[in-house]
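Worksheet: one structure, shown below.
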Amino acid sequence: LIYSMAGSLWRQAIGSDEAVELTHPTGAYDYQPDVGPDGRAVVFSRYDGAAIELWRLDLRDGRERKLTTGGAVNVEPRLSPDGRRLAWVSTRGTGHFNLFMGEIGADGALRGARPLFGERKSAIDRYYYSPFDHALNPAWSPDGARIYFVGNPEVAWGTGDLWSASATDPNDRRKILSEETMWSARPEPAPDGRRLLFTSYHGRQWRQLWLTTPGGAAPMPLTFGEFDRSDARWSPDGKSVAYISNEHGNTELDVQTVIGGAVVPIGARVRRYKRPQARLTLDIRDERGRSTPARVTVMGADGRAQAPDEAWMRGEDAFDRARQPIETHYFHCPATCTLSVPAGEAKVTVQHGFRHLIWRGTATLAPGAARALTVLLAPNDLPAGFGDWRTADLHIHMNYGGHYRDTPERLAAQAEAEDLDVAYDLIVNKEERVPDVASFRSGPDPASDRDTLILHGQEFHTSFWGHVGLLGLSDHLLTPGFAAYRHTALASPYPHNGVVADLAHAQGALVGYVHPYDVEIDPAKAPALSHEFPADVAMGKVDYVEVMGFSDHKATAHVWYRLLNLGFRLPAGAGTDAMANYASLRGPVGLNRVFLDTGGGRDPAALIGALKAGRTFVSNGPLLGLELAGRHPGDTLTLKAPGEATYRIALRSPVAVDHLELVQNGAVVKRFDLTGERRDLDAAGNIDLQVGGWLVLRAWNDGPDPAVLDLYAYATTSPIYLRLPGGPPPALEDAAYFVAWMRRVIAAAEARDDYNSAEERRATLDYLTAALERYRALARGPRAAK
């Protein structure tokens, strides 16, 4: 076999435990090898942080040749049965995933690169994905006449169906099977051409290998199990398949006989590297000398990330190329871990949540040497008196279609390494399946311990109205869990989120809007606007909002401030929307977290109580303390007359902060000057309060920081509410803003023609109209609102 491991290509004989490294690029990573029919060369994809290009390796002399240029994404290269043609997936030209073809010359060069299909826009609207069709996962028929692939013409949601097309006539296309395939179908014809192997969950929660025929016969399963098998290839004689499995959590390579099902694990216990190696052991301890799990990044002398063999390597899903050449890669170390690294200087970064400083160091290792490195973490917590905090990530998906297989026990270990006290696993559908449905329970998961609490909630999916989080369901999940999926039997926009909130509240749960806004919303200019958040706030259905989540925090705060100005009490929550079993998609867990002042409690009731009361601040790094005349976030400060009130604030941050501000009723009323490393400040003084309303403390940065795996560093407290004679100032402009918003939502709801009944339509429009009338009353002034 030739396969990819740790960013290099390796060769290993089946039945042997010795693997030989074939490639080891500096500052780049190699993936997706495809071996030529004569065994003399392999084509593969190489990623360097700026692009993914195709390369060819001559297995006889080790020479490497670059096949594509131009800075596009080029992946999934597949050589034709005669080795003279190459099919692959590229974003070249359009930015969309399309099939490309080219010829491989006698000299190994690629010529005549061209798209197999022209760009096509689907005739129906799509859920999530681009309106332009994609084509991916190419594989050649044994005679080289056709290409099998996954395409999505007129597929409303998901990745698409199994297709085949003539390799010489792109107009000769045939759909083989309608099948939601979750980006991993990879259809593979058997050497005899009679069977087509592919990966599917096919009505189940996990992906396994299935067989159909080139004519699309009813699929039959080849493998079984409550885990994933994917990326399968046939052996040349058709008697075995090799595939990737996550049965034990991490990815592993197995070979299985087609008849009989005997499995041979491919374990590379002996590795022959192209570069001299050394062994590095990390021993991580906190300020008291206690062993402490943590998030670790190790950059080797080869310019590549390194990790222990058993670790889950992860990469951030976005980075600023002006600040670093490639994304940050990291793994979680259970306090002590050992890894093989290239000889030379290794750079080590260790992070343990936000209440410790980031540790950075280097280790110089000689070839064949072993070195132990002790990491001592320094505390960086807020001064006493601002709150008795428990940290929680309100929005994690334990499993969501990634290559790893997470469990509550492993999720607890991830949270502990991130210094996260509470992890809320929000059970949710991923297209047709709900991967974590079997984990649901109303109380703490048995994987919880004295340090880490694992709780299971739900995210209700409807992108028409907006996604909502349900925390603390006491009896059952709300099913089916999603609505308004166009072009399906669940197309109706009913239930709207107000109905969902009522069902959740009946179980004692809290309801919050999650990952709200990526851009500031202008109701007059937004191309489409159906987000129900303002309606549900007006109708008293919303208990918290993810001010920080998988969204733009400033854009979300822009809407949040307007609602606060209108007198709605809306606590700040935070959730990463981490897909905890992905190698690179929104993480790590606890990236966006809420600090809950529970008064010392750590049980679910104390957590829910603190969140509902607004005794919170949210952050992706900076820690904030706020006290106003003895009051803290969530409290109400009542003054008999306008005048000054004393404040006390504190900032502790693992990264430099650009702005630290007190914000009253949406306007900055006090800016604090940060000097030196701009990571900490204690300040006290007086602030003039002339009107009622609300006040928060916030910290934010103008741009990204490589140490914060998010758009930019940001933190904000929940409001302290201000009660003064005369009340808050009128917020007529804010009310008019939501009047315009609600009109757009109502128009979008009226335009839907897929309600299941006139009753559903009438109930939805009546609800939205009632919310509109509340904003209209607010727009007429305080007396009209009363």
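The values are calculated or read from the model by the stated rules, or taken from the named source; none is laboratory data. Predicted model, so just to flag it, every value in this text is computed and none were measured. Because the Cβ atoms are built from the backbone with ideal geometry, glycine has one as well, and the counts that use them run over all protein chains shown. SASA here: full protein model, heavy atoms, side chains in, ligands and nucleic acids out. Shrake-Rupley method; radii C 1.70, N 1.55, O 1.52, S 1.80 Å.
Check Ala139, Ala106 and return the single one that is closer than 30 Å to Asp61 by Cβ and buried (at least 21 other Cβ atoms within 10 Å of the Cβ).
Going through Ala139, Ala106 in turn, just one is closer than 30 Å to Asp61 by Cβ and buried (at least 21 other Cβ atoms within 10 Å of the Cβ): Ala139.
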**Message:** Condition first: crowded, with 17+ Cβ neighbours inside 10 Å, on the phi < 0 side of the Ramachandran plot and in contact with a Phe, Trp or Tyr (Cβ under 7 Å, 6 or more places away or on another chain). Can you find one or more residues in the stretch 421-429 that meet it?
**Reply:** yes
**Item:** Any pair with Cβ under 9 angstrom, 6 or more apart, that starts in the stretch 619-636 at a residue that is of a type in the set (Lys, Arg) and ends at one that is open to solvent by 20 Å² or more (accessible area, probe 1.4 Å)
**Value:** Arg631/Tyr721
**Request:** Residues being under 11 Å from Tyr148 (Cβ atoms) and open to solvent by 50 Å² or more (accessible area, probe 1.4 Å): count how many of those fall in the stretch 174-210.
**Result:** 2
**Every residue from the stretch 579-608 that is open to solvent by less than 30 Å² (accessible area, probe 1.4 Å), outside any strand (DSSP E or B) and modelled with pLDDT of 95 or more** = Ala580, Asn581, Pro588, Val589, Gly590, Leu591, Asn592, Thr598, Ala606, Leu607
**Condition met for Leu209 (over 26 Å from Gly83 (Cα atoms), in a strand (DSSP E or B) and at pLDDT 95 or above)** = yes
**Item:** Where a residue in the stretch 384-399 is closer than 13 Å to Ile608 by Cα and its partner, wherever it lies, is modelled with pLDDT under 95 and open to solvent by 10 Å² or more (accessible area, probe 1.4 Å), with Cβ under 6 Å and at least six apart
**Value:** Arg390/Arg602
**Asked** Would you call Arg233 within 17 Å of Ile176 (Cβ to Cβ), open to solvent by 60 Å² or more (accessible area, probe 1.4 Å) and charged (D, E, K, R)?
**Response** no
**Request:** Scan (1) under 16 Å from Trp465 (Cβ atoms); (2) open to solvent by 10 Å² or more (accessible area, probe 1.4 Å) for the single condition Gly498 breaks and write down its number.
**Result:** (2)
**Item:** Single residue of Gly676, Gly693, Gly727 found to be modelled with pLDDT under 95 and at positive phi
**Value:** Gly727
**Asked** Tally time: how many residues in the stretch 635-653 are out of contact with any strand residue (DSSP E or B) (no Cβ under 7 Å at 6 or more places or on another chain) and crowded, with 18+ Cβ neighbours inside 10 Å?
**Response** 0
**Asked** What do you reckon, is Thr576 open to solvent by less than 10 Å² (accessible area, probe 1.4 Å), among the β-branched types (Val, Ile, Thr), in a helix (DSSP H, G or I) and touching a strand residue (DSSP E or B) at 6+ places or on another chain (Cβ under 9 Å)?
**Response** no
**Asked** So which residues in the stretch 111-131 are more than 16 Å from Trp163 (Cβ to Cβ) and not in a loop (DSSP other than H, G, I, E, B)?
**Response** Arg111, Gly112, Ala113, Arg114, Lys121
**Complete:** Among the residues of the stretch 73-115, the number that are touching a residue at least 40 places away in the same chain (Cβ under 8 Å) and either polar (S, T, N, Q) or touching a helix residue (DSSP H, G or I) at 6+ places or on another chain (Cβ under 8 Å) (or both) is 1
**Message:** Return the residues of the stretch 388-403 that are open to solvent by 20 Å² or more (accessible area, probe 1.4 Å) and out of contact with any Gly (no Cβ under 7 Å at 6 or more places or on another chain); say none if nothing qualifies.
**Reply:** Trp389, Arg390, His403
**Asked** Would you pick out the residues in the stretch 665-714 that are closer than 24 Å to Ala574 by Cβ and polar (S, T, N, Q)?
**Response** Asn665, Asn701
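Restricting the search to the stretch 32-44, which residues are without any contact (Cβ under 8 Å) to a residue 40 or more places away in the chain and either surrounded by 18 or more Cβ atoms within 10 Å (Cβ to Cβ) or among the acidic types (Asp, Glu) (or both)?
Within the stretch 32-44, the subset without any contact (Cβ under 8 Å) to a residue 40 or more places away in the chain is 33, 39-40.
Once the filter is applied, which keeps residues that are without any contact (Cβ under 8 Å) to a residue 40 or more places away in the chain and either surrounded by 18 or more Cβ atoms within 10 Å (Cβ to Cβ) or among the acidic types (Asp, Glu) (or both), the stretch 32-44 yields only Pro33.
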**Message:** Being in contact with a Gly (Cβ under 9 Å, 6 or more places away or on another chain) and at pLDDT 95 or above: is that true of Ala165 here?
**Reply:** yes
**Prompt:** Any chance the stretch 487-495 includes a residue that's in contact (Cβ under 8 Å) with a residue 24 or more places away in the chain, open to solvent by less than 10 Å² (accessible area, probe 1.4 Å) and under 30 Å from Pro334 (Cα atoms)?
**Reply:** no
**Asked** Out of all the residues in the stretch 551-573, is one or more polar (S, T, N, Q) and within 30 Å of Asn246 (Cβ to Cβ)?
**Response** yes
**Complete:** Counting only residues that are in contact (Cβ under 8 Å) with a residue 24 or more places away in the chain and open to solvent by 30 Å² or more (accessible area, probe 1.4 Å), the stretch 236-247 contains a total of 4
**Request:** Could you tell me whether Arg288 is loosely packed, with under 14 Cβ neighbours inside 10 Å and farther than 24 Å from Phe354 by Cα?
**Result:** no
**Request:** Enumerate the pairs (first residue in the stretch 680-694 and exposed (fewer than 15 other Cβ atoms within 10 Å of the Cβ); second residue anywhere and among the aromatic types (Phe, Trp, Tyr)) with beta-carbon separation below 9 Å, excluding pairs fewer than 6 apart on the same chain, so at least 6 apart or on different chains.
**Result:** Ala683/Tyr647; Ala683/Phe672; Ala684/Tyr647; Gly685/Tyr647; Asn686/Tyr647
**Message:** Given (1) among the β-branched types (Val, Ile, Thr); (2) exposed (fewer than 15 other Cβ atoms within 10 Å of the Cβ); (3) in a strand (DSSP E or B), identify the lone condition not met by Val75.
**Reply:** (2)
**All positions within the stretch 576-605 that are in contact with a Pro (Cβ under 9 Å, 6 or more places away or on another chain) and not aliphatic (A, V, I, L, M)** = Thr576, Asn581, Asp597, Asp603, Pro604
**Request:** Restrict the check to the stretch 86-97 and report whether at least one residue is over 21 Å from Glu119 (Cα atoms), assigned to a loop (DSSP other than H, G, I, E, B) and open to solvent by less than 50 Å² (accessible area, probe 1.4 Å).
**Result:** no
**Item:** Considering residues of the stretch 165-204 that are polar (S, T, N, Q) and in a strand (DSSP E or B) only, the residue farthest from Leu79 (Cα to Cα)
**Value:** Ser200
**Complete:** Scanning the stretch 123-153 residue by residue, the ones that are acidic (Asp, Glu) and more than 21 Å from Phe198 (Cα to Cα) total 1
**Prompt:** Does at least one position in the stretch 211-218 carry a residue that is touching a strand residue (DSSP E or B) at 6+ places or on another chain (Cβ under 9 Å), surrounded by 18 or more Cβ atoms within 10 Å (Cβ to Cβ) and under 23 Å from Pro435 (Cβ atoms)?
**Reply:** no
**Prompt:** So, of the residues in the stretch 434-453 that are within 17 Å of Ser474 (Cα to Cα) and over 23 Å from the mean Cα position of the chain (by Cα), which turns out to be least open to solvent (accessible area, probe 1.4 Å)?
**Reply:** Gly443
